[in-house]
Amino acid sequence: MSQQGRWKHLYKVMSKPGPYCDDDWVPGSDTIDTLESSKILVIGAGGLGCEILKNLALSGFKDIHVIDMDTIDISNLNRQFLFRQADIGKPKAEVAAAFVEKRVKGVKITPFVGKIQDKDEDYYMQFKIIICGLDSIEARRWINATLIGMVDPENPESLKPLIDGGTEGFKGQARVILPTLSSCIECQLDMHAPRPAVPLCTIATIPRQPQHCIEWAHQIAWQDKRKDDTFDSDDMEHISWVYHAALERAQQFHIHGVTFQMTQGVVKNIIPAIASTNAVIAASTTSEVLKIATGCNPYLENYMMYAGEEGVYTYTFEAEKKPDCPVCGNLARKMDVDPDMTLGDFIESLGERAEAQLKKPSMRTEEKTLYQRFPPQLEEHTRPNLRLKLRELVENGEEIAVSDPAYTIDFRYRLVFK
Amino acid sequence: MTESFPAALTGPTSKERKYDRQLRLWAATGQQALEDSRVLLVNSDGPLGANSTGVSGVVGVEALKNLVLPGIGGFTIVDPATVTESDLGVNFFLEEESLGKSRAEETCRLLRELNPDVQGYYYSKHITELLHDPDFLPRHKLVIITGPTNRSSLGSLTQQAQRLGIPVLYVHSVGFYSTFSLQLDAEFPIVETHPDPETTQDLRLLNPWPELADAATAFGDLTAMDDHKHGHVPYILLLLHFLEQWKQSHGGNPPSSYKEKTEFREFVRSNARTDNPEGGEENFDEAVAAVLKTISPFSLRSSTREIFEMEQCKQLTPQSADFWVIASAINTFYNTHGVLPLPGSLPDMKAQSADYVALQNIYKSKARRDVEEVTSTIRQLESQLGQATPQILEREIEVFCKNAAHIKVIHGRAVPQISSDSDLTTLKAIRNQLNMEDSLISVFIATQVLDAVVDEIQSSGQQEAQLSVDDEALWTSHTERILALLSRDQPVPLDVDVRGAIANAIMELRRAEGGELHNISSLTGGLVAQEALKVLTRQYVPLDNTCVFDGARSRSEMYRL
């Protein structure tokens, strides 16, 4: 097999300067050697991950690792093209790695079936670039904070570029993050606000939409009637039960429109996904990886959003690095609060506030612990604070440190009274 | 009771499960349209020059991948090339064993593996041979052509497709650049454009029909209500109520200017109760937030007005497509009532269940009556047009009425080219773009030069087989020729910066010597498939008509050329 023949097109581009390359870029075999020896980590082997693995292998990378904890489901087959009907139930990372290795000769793909949190800094330190195709904000925030924590100013090798892609229906985005140097996932958190949750009192007492009836069946009726079974959104019998409970409640309130499909969508928080959008976003991220690894063209600085509902629309811009970013900045982030809100309500609201999105926060000021979930004695000791108003616990403008079991770092906020 | 729910699985079919994530975007009707479609990919048409077997065609195969996965009915690959070593470094749908075999056959085989529901066909021939069979092209609902391809094949293919009303996508992916153009019918109507739900609310607060107006007065005296009731009046009824009060003190006129609307907003806000335990009322907060968005008289969007004024809408014939018959009936409705049929959907809002459902029913039944009125106009039109039995399905009329405010007609254009017989509109649009700073139109021009270079190589025949796609003289002469075409009849020659931008685009393009980079082809295959899906499902809004992606600078632009 002739490398020159096989990689003809790629090598040509790597062997000639272009008008947008840096003046000191050296085309030719050194660049090609750098490309082929760069070790890349892919996080996620789903809709984006399958595409990313294919793209990296056909961009000349030879040493690729992939992490994914999931197994293959039938609903993946409309886009995750490395999987077949017979693969349902097998781990995504292993099947994807084996497929691409078999198809593209000379590439080594090492799968890891598990969580990114199972791996430590030593593991992440071995890679040159990390590329994410995830559907979870939480996992993105974790890897972002980890990579930022790893940066040692004395050691340029400790700075691992993070390329992140995400899609929803016909929309998506690709972004390049240079930990500590450019805007990070956490700086941009409020650009990806969670959908507001329906208030519990609506679900419990005044449903108006079919979704409210489904939430009731899922959150309240299940707890009431089947609390000994752990609800599993992949168990068709469980979904079916919730569907029928929701349907009955909807009839009682004369609400139309509860369907099985909607029930699944609500309880699993399903995001529509298609092959074409994944292809666009995955290839956009891998194109940036190729440019960063070789210097053959300038890389994205630092965000490209894409929307395909009406023609082909992209918007490329530089998201700002925030000095008060809780992860890469050194100032506490300002948060406007109502001083008459209780600590309990405040804690509850952090799950939904776009700039926080913390589901199980504990918090303290410099002097005292406001609320601590663990250990149980401390929880019991701080629980009475939940009923107190914020103005009784903190000064206007005081800084608090918030921790959450999903993250290894503390988030600092400065509470400013409205 | 809930315990007695049947444990039996009444879930979706395995097909619905497989396609679940896309059915949430285009529903069963869109899926059916895809399954009824066969797509033709013309993936190469002869060598690009010395030592070349032709376009590697990765972008075309990647586009098909994204159509096979969601389950189009079938595809046909036309590609006379045989698989070479360099194909294996860039095309994922070929394997070691494919070397030396027909590329059409091998890519077809490996694409079919992706979805057993999809039929795949292949021809290891030139497209011109196949076009001799008049039945060949009509089997397809869409054609994707991978460029560069020579002028004569491209011309006969796009013209035949245009006569048959088959949309065409002409695609280039070269190095870090890609461009593609979509050729559609002269009128390509879309009903289900899927606008942002935020923009589609039509609540008719300034011109409520009697049942809605009655609902607002039926609530009675707000001030006499207890806190619970007061805090659960749906905001739509609050706004209607306060609008009446406002009108009484403003000579019968609703707030119209921005200043008046903000005054009205404060007036609504001032009526909220703050002495309750919550210190405010959610329904009033919703009402306040909705003032600027919803207190506006109905106005017809200009795109809809244009459709009503089109000849096809005004002059129906027995051959008129359903779209025009329904559009004409809706135009009659608009002329009678000054509004479009009510879409009938109601946003969620703070309210008691029964009050919300009652209000929702007022909107729904008005929408139903509007559909009935439009339907009866359509039945009259059908009989005037000589149709004995109703032709247009009620479901189709309903969907149209619901989307009436956002229907769209794209005026399709031929695949744009820069040549001596170019359309003047195309040349003008390109010249306008050249004046924009950082425009990517220079990339489109560079691919046009590539097309011309390849056309010369291919039409020069065997004796010139030594010519290379990287031949300096060919590039220089065609660049100058195309620049001359662009500045023809212009008072001033092309500006130095413009020439510089074009020279840069050509330099970047030539790095690849006509070859593809997998990433750029995969990305472009995604964009092209996206357009194909929109055209085939007739949902969402397709490209009109040319897109350029610049992978060197990670951005794209759209032009109507």
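On the given criteria, is B:D36 charged (D, E, K, R), surrounded by fewer than 24 Cβ atoms within 10 Å (Cβ to Cβ) and either away from every other protein chain (no Cβ under 12 Å) or on the phi > 0 side of the Ramachandran plot (or both)?
Yes; evaluated as a whole, the condition is true for this residue.
Go through the residues of segment A:91-102 one by one and say whether even a single one is in a helix (DSSP H, G or I), of a type in the set (G, A, S) and surrounded by fewer than 19 Cβ atoms within 10 Å (Cβ to Cβ).
yes
Determine which member of the set A:R226, A:R249, A:R195 is touching a helix residue (DSSP H, G or I) at 6+ places or on another chain (Cβ under 7 Å) and not β-branched (V, I, T).
None of the others qualify; the one that does is A:R249.
Given the conditions (1) within 7 Å of chain A (Cβ to nearest Cβ); (2) more than 26 Å from A:N302 (Cα to Cα); (3) modelled with pLDDT of 95 or more; (4) surrounded by 24 or more Cβ atoms within 10 Å (Cβ to Cβ), report the number of the one that B:G515 does not fulfil.
(3)
Select from segment A:356-380 the residues that are surrounded by 13 or more Cβ atoms within 10 Å (Cβ to Cβ) and free of Cβ contacts under 8 Å to residues at least 12 places away in the same chain and list them in ascending order.
Result: A:Q372, A:L378, A:E379.
From the list B:V498, B:V469, pick out the single residue that is among the aliphatic types (A, V, I, L, M) and within 12 Å of chain A (Cβ to nearest Cβ).
B:V469
Scanning for something buried (at least 20 other Cβ atoms within 10 Å of the Cβ), part of a helix (DSSP H, G or I), modelled with pLDDT of 95 or more and not acidic (D, E), does segment A:186-197 turn up at least one residue?
Checking segment A:186-197: not a single residue is buried (at least 20 other Cβ atoms within 10 Å of the Cβ), part of a helix (DSSP H, G or I), modelled with pLDDT of 95 or more and not acidic (D, E).
I'd like the full set of residues that are free of Cβ contacts under 8 Å to residues at least 12 places away in the same chain and not in a helix (DSSP H, G or I), limited to segment A:26-83.
A:V26, A:L77
Of these, A:I52, A:I74, A:I32, which one is within 26 Å of B:P70 (Cβ to Cβ) and surrounded by fewer than 24 Cβ atoms within 10 Å (Cβ to Cβ)?
Among A:I52, A:I74, A:I32, only A:I74 is within 26 Å of B:P70 (Cβ to Cβ) and surrounded by fewer than 24 Cβ atoms within 10 Å (Cβ to Cβ).
Quick check: is even one residue across segment A:220-242 touching a residue at least 40 places away in the same chain (Cβ under 8 Å) and polar (S, T, N, Q)?
no
Suppose we filter segment B:217-272 for residues that are within 14 Å of chain A (Cβ to nearest Cβ) and acidic (D, E); how many remain?
Number of matching residues: 0.
Please find, among A:R175, A:R208, the residue that is assigned to a loop (DSSP other than H, G, I, E, B) and within 14 Å of chain B (Cβ to nearest Cβ).
A:R208
Tally time: how many residues in segment A:62-82 are under 23 Å from A:V289 (Cβ atoms) and more than 9 Å from every other protein chain (Cβ to nearest Cβ)?
Counting residues in segment A:62-82 that are under 23 Å from A:V289 (Cβ atoms) and more than 9 Å from every other protein chain (Cβ to nearest Cβ) gives 10.
Give me a count of the residues in segment B:84-113 that are part of a loop (DSSP other than H, G, I, E, B), surrounded by fewer than 22 Cβ atoms within 10 Å (Cβ to Cβ) and within 14 Å of chain A (Cβ to nearest Cβ).
Residues in segment B:84-113 being part of a loop (DSSP other than H, G, I, E, B), surrounded by fewer than 22 Cβ atoms within 10 Å (Cβ to Cβ) and within 14 Å of chain A (Cβ to nearest Cβ): 5 in total.
Run down A:S182, A:S136, A:S233 and say which single residue is outside the structural domain of A:H256 (by TED's automatic domain parsing) and closer than 22 Å to B:R24 by Cβ.
Testing whether each residue is outside the structural domain of A:H256 (by TED's automatic domain parsing) and closer than 22 Å to B:R24 by Cβ leaves just A:S136.
Name the residues in segment A:9-24 that are under 15 Å from B:F176 (Cα atoms) and either within 7 Å of chain B (Cβ to nearest Cβ) or in a loop (DSSP other than H, G, I, E, B) (or both), would you?
The answer is A:H9, A:L10, A:K12, A:V13, A:S15, A:K16, A:P17, A:G18, A:P19, A:Y20, A:C21.
Is segment B:129-143 home to any residue that is assigned by TED's automatic domain parsing to the domain that holds B:E531 and touching a His at 6+ places or on another chain (Cβ under 6 Å)?
no
Name the helices (runs of 4 or more DSSP H) wholly within segment B:188-270 that hold at least 2 residues that are buried (at least 18 other Cβ atoms within 10 Å of the Cβ)?
B:210-218, B:235-249, B:258-270
Taking only segment B:330-357 into account, find how many residues are in contact (Cβ under 8 Å) with a residue 60 or more places away in the chain and part of a helix (DSSP H, G or I).
Matching residues across segment B:330-357 total 3.
Tally time: how many residues in segment B:54-83 are among the polar types (S, T, N, Q), within 11 Å of another protein chain (Cβ to nearest Cβ) and not in a helix (DSSP H, G or I)?
So the count comes out to 1.
As an exercise: evaluate B:P493 against (1) surrounded by fewer than 21 Cβ atoms within 10 Å (Cβ to Cβ); (2) facing another protein chain (nearest Cβ under 8 Å) and give the number of the one condition it does not meet.
In the conditions (1) surrounded by fewer than 21 Cβ atoms within 10 Å (Cβ to Cβ); (2) facing another protein chain (nearest Cβ under 8 Å), B:P493 misses (2) alone.
For segment A:236-264, what are the residues that are at the interface with another protein chain (Cβ under 10 Å from one of its Cβ atoms) and in a loop (DSSP other than H, G, I, E, B)?
Within segment A:236-264, A:F253, A:H254, A:I255, A:H256, A:T259 qualify.
The values are calculated or read from the model by the stated rules, or taken from the named source; none is laboratory data. Note that this is a predicted model, so its numbers are computed, not measured. Every residue, glycine among them, receives a Cβ derived from its backbone with ideal geometry; neighbour counts consider all protein chains shown.
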